[in-house]
Structure formats: structure tokens, C-alpha cells
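Student: Sharing a structure here in C-alpha cells format.
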Amino acid sequence: MTQAHPPLTDSATWSVLVRDVASGEALLSRSPELELSAASASKLLLLVASAVLAERGQLDLDERLDRSSVEPVGDSGLWQHLAQPTLTADDAAMLVGSVSDNLATNVLLERIGLDAVESVRAELGIAGVHLHDRVRDHRGPGDPARLGTASASGLTGLMARLATRTLGSAAVSERVLGWLRHSVDLSMVAVAFGKDPLSHGVEADLARIVNKTGTDAGVRVDAGLVLGPGRTLAYAALANWVPETDATDAVLASMRGLGAELRRLVAA
């Protein structure tokens with residue numbers, strides 16, 4: 001790291017970056033260019049592509065999408081537990097941003113296509129963040145090895161551009177932020193701010209949090225923005241480890257330490 005910081009467990013491989021959005025100064029850093037498995041954090045690209053296509057009239061956000069268009073998928077999300085078989089594209093994107101909904105991810109990705117996501121990523125110059133595949137309950141030998149990969153530099157850069165409304169147009173950036181604003185996963189870096197996971201999108205206290213996380217066996221990722229009254233920080237912390245070593249508790253403790261440092265920095 002670039003300055004005094006909480007220790008990061010040696011049980012995991014890290015890519016970490018904290019940057020002041022206004023000045024561009026890197027406040028904390030460890031292997032920021034190292035690309036690691038990013039799990040659901042890579043769904044950010046799906047949200048960005050959806051917002052861009054909506055602005056261009058290539059995706060109607062009022063269009064109803066049917067979950068029967070894809071195979072069922074489990075783990076994170078709410079749509080699999082709801083009675084409603086169709087949702088608007090806008091609502092599907094909100095589920096992706098707020099609860100990292102796997103079924104909504106696959107339905108939205110089926111609608112716009114992985115090629116479109118990659119095209120938008122390249123066009124907007126988003127480096128160091130990649131979505132390789134749809135969500136799968138099981139990955140076979142012929143499937144991409146990971147849902148997505150990213151570096152802390154790539155995720156932090158994406159988040160900083162959202163904060164400055166320069167990721168695509170201002171309207172695109174604002175729409176993506178709207179889908180992310182109610183993320184319920186504050187279990188990693190963001191836990192240090194003591195927010196209510198179910199209601200934290202509009203409060204005006206020390207800082208607001210906008211984030212996207214990723215979780216898989218041997219993977220924890222938290223990338224986001226801390227918007228304080230006088231300072232906005234973009235951050236990303238990716239940790240990968242061999243699942244059999246079960247470093248989860250040590251990784252989460254390290255992430256909480258990073259969050260405490262973020263809280264100190266945004267209040268400085």
C-alpha cells in the first residue's frame with residue numbers, strides 16, 4: 001500500500017486501489033493492475049451496456065423480459081423466488097444492481113448479447129474489467145472459467161467516471177448509478193460505514209455509498225464510491241484465494257480494515 005494502512009491477510013492475492021475522484025490521487029494501492037476473478041462485480045459492464053443501448057433506442061427499458069428465455073439459475077437474487085414471470089428491462093437491471101440477481105443478469109444478457117457488452121466496453125475505453133460469460137450453476141470444461149475478471153485500477157476507473165458523469169453520457173452514468181444506489185451488499189469494505197443495507201440510498205450523513213460486490217468460492221470483491229460532503233473516493237478491493245484454505249474470515253477482516261481507512265479519509 002502507498003501509506004499507513006490496515007494489514008491485508010497474506011492468505012489471499014489482492015488488487016486494491018483507493019483514489020480521490022477530484023484530484024486523481026491514489027491514496028491506497030496494492031497491485032492495482034493485477035486482474036483477478038471478479039465474480040459478480042463484472043456485472044457492472046452489463047449495466048453500462050444496457051444504459052448505453054437504452055440511450056440509443058436499441059433497448060426499450062419498458063420492454064418486458066421473460067425469465068423462461070434462459071435456463072434457471074440459483075444463488076443470488078430475488079426473481080427466482082417471485083411469482084411474476086416477466087419484468088421490464090429496467091426492473092431487471094435494478095435487480096442486478098441492488099441484489100446482484102443472477103436470473104435477471106442472464107435474462108438481460110440474453111436480450112442484449114455478450115457481444116454488445118464487449119462492444120460498449122471497448123467503445124467507452126473501459127480497461128481492466130471484463131465480462132466473459134453468463135452466470136452458470138456449474139462450469140464445465142467447455143465453459144469460460146470465470147464469470148468475469150477485473151483489476152482494482154479498472155474497477156476504480158469505471159466508478160470514478162460514473163461519479164463524474166463521464167462514462168458515456170451524463171444520462172448513461174446517472175442511470176447506472178440509479179441501478180447501483182440501493183445495493184444491499186454492504187458486507188465487505190462498505191460495512192465500516194454502518195449503513196442500513198436495506199435503506200441507504202438517500203441519507204445525508206457522513207457519506208453515501210454506491211457499490212457493486214462479487215462473491216464466489218475463493219473470491220470477494222467490493223468496488224464503489226464513497227460520496228462525502230467534501231470529498232468523493234472511488235475504491236476497489238479484490239481478493240482471490242484457494243477455496244480449500246478458507247481464508248474468508250481473514251479476507252473480510254482485511255476488507256473491514258480498508259473500509260475504516262476509507263471512512264477516515266473521506267472525513268479528512
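The values are calculated or read from the model by the stated rules, or taken from the named source; none is laboratory data. All of these numbers come straight from a predicted model, not from anything done at the bench. With ideal geometry, Cβ positions are generated from the backbone for all residues, glycine too; neighbour counts draw on all protein chains shown.
Student: Of the residues that sit in the range 238-256 and are modelled with pLDDT of 95 or more and among the small types (Gly, Ala, Ser), which one is nearest to ALA150 (Cα to Cα)?
Tutor: This residue is ALA239.
Student: Next question, about the same structure. Here is a check on your reading of the model: is LEU65 touching a residue at least 24 places away in the same chain (Cβ under 8 Å) and within 26 Å of ASN240 (Cβ to Cβ)?
Tutor: For LEU65, the condition - touching a residue at least 24 places away in the same chain (Cβ under 8 Å) and within 26 Å of ASN240 (Cβ to Cβ) - is not met.
Student: Say we look at the range 223-232 and pick out the residues that are in contact (Cβ under 8 Å) with a residue 60 or more places away in the chain and in a strand (DSSP E or B); which of these is nearest to the chain's Cα centre (by Cα)?
Tutor: Result: ALA223.
Student: Can you pull out the residues in the range 80-108 that are within 19 Å of the chain's Cα centre (by Cα) and either of a type in the set (Ser, Thr, Tyr) or within 23 Å of ALA217 (Cα to Cα) (or both)?
Tutor: Correct list: LEU95, VAL96, GLY97, SER98, VAL99, SER100, ASP101, ASN102, LEU103, ALA104, THR105, ASN106.
Student: What is the residue count in the range 233-251 for residues that are under 21 Å from the mean Cα position of the chain (by Cα) and of a type in the set (Val, Ile, Thr)?
Tutor: 2
Student: Against the conditions (1) under 15 Å from THR156 (Cβ atoms); (2) free of Cβ contacts under 8 Å to residues at least 12 places away in the same chain, where does ASP249 fall short? Just the number, please.
Tutor: Here ASP249 meets the rest and fails (1).
Student: Being buried (at least 20 other Cβ atoms within 10 Å of the Cβ) and assigned to a loop (DSSP other than H, G, I, E, B) is the filter here, so list the residues in the range 92-125 that pass it.
Tutor: SER100, ASP101
Student: Within the range 47-78, which residues are buried (at least 17 other Cβ atoms within 10 Å of the Cβ) and not hydrophobic (A, V, I, L, M, F, W, C)?
Tutor: SER50, ARG67, SER76, GLY77
Student: Right, something else. Residue by residue through the range 9-21, note down the ones that are farther than 16 Å from THR156 by Cα and either surrounded by fewer than 21 Cβ atoms within 10 Å (Cβ to Cβ) or modelled with pLDDT under 95 (or both).
Tutor: Listed by number, the residues that qualify are THR9, ASP10, SER11, THR13.
Student: Further question on the same structure: Surrounded by 14 or more Cβ atoms within 10 Å (Cβ to Cβ) and closer than 28 Å to ASN240 by Cα, is that true of LEU87?
Tutor: Against the criterion (surrounded by 14 or more Cβ atoms within 10 Å (Cβ to Cβ) and closer than 28 Å to ASN240 by Cα), LEU87 does not qualify.
Student: Go through (1) over 20 Å from SER98 (Cα atoms); (2) touching a His at 6+ places or on another chain (Cβ under 7 Å); (3) of a type outside the set (Lys, Arg); (4) crowded, with 21+ Cβ neighbours inside 10 Å one by one and return the number of the condition SER153 breaks.
Tutor: With (1) over 20 Å from SER98 (Cα atoms); (2) touching a His at 6+ places or on another chain (Cβ under 7 Å); (3) of a type outside the set (Lys, Arg); (4) crowded, with 21+ Cβ neighbours inside 10 Å applied to SER153, the lone miss is (2).
Student: Also: Checking the conditions here, which among ARG121, ARG64, ARG111 is under 23 Å from VAL221 (Cα atoms) and modelled with pLDDT of 95 or more?
Tutor: When all the criteria are applied, what remains is ARG121.
Student: Out of curiosity, is ALA260 more than 21 Å from GLY194 (Cβ to Cβ), more than 19 Å from the chain's Cα centre (by Cα), small (Gly, Ala, Ser) and not in a loop (DSSP other than H, G, I, E, B)?
Tutor: In short, no.
Student: Okay, next question. Condition test on LEU198, is it among the hydrophobic types (A, V, I, L, M, F, W, C) and over 15 Å from the mean Cα position of the chain (by Cα)?
Tutor: Spelling it out, LEU198 is indeed among the hydrophobic types (A, V, I, L, M, F, W, C) and over 15 Å from the mean Cα position of the chain (by Cα).
Student: Might you let me know whether the range 203-212 holds any residue that is of a type in the set (D, E, K, R), assigned to a strand (DSSP E or B) and in contact with a helix residue (DSSP H, G or I) (Cβ under 8 Å, 6 or more places away or on another chain)?
Tutor: Yes.
Student: Now, a different point. Hey, can you tell me all the residues within the range 29-46 that are buried (at least 24 other Cβ atoms within 10 Å of the Cβ) and either in contact with a Gly (Cβ under 7 Å, 6 or more places away or on another chain) or at pLDDT below 95 (or both)?
Tutor: ALA38, ALA39, SER40, ALA41, SER42
Student: Here's another thing I want to ask about it. Select from the range 156-176 the residues that are in contact with a helix residue (DSSP H, G or I) (Cβ under 9 Å, 6 or more places away or on another chain) and assigned to a helix (DSSP H, G or I) and list them in ascending order.
Tutor: LEU158, MET159, ARG161, LEU162, ALA163, ALA171, VAL172, SER173, GLU174, ARG175, VAL176
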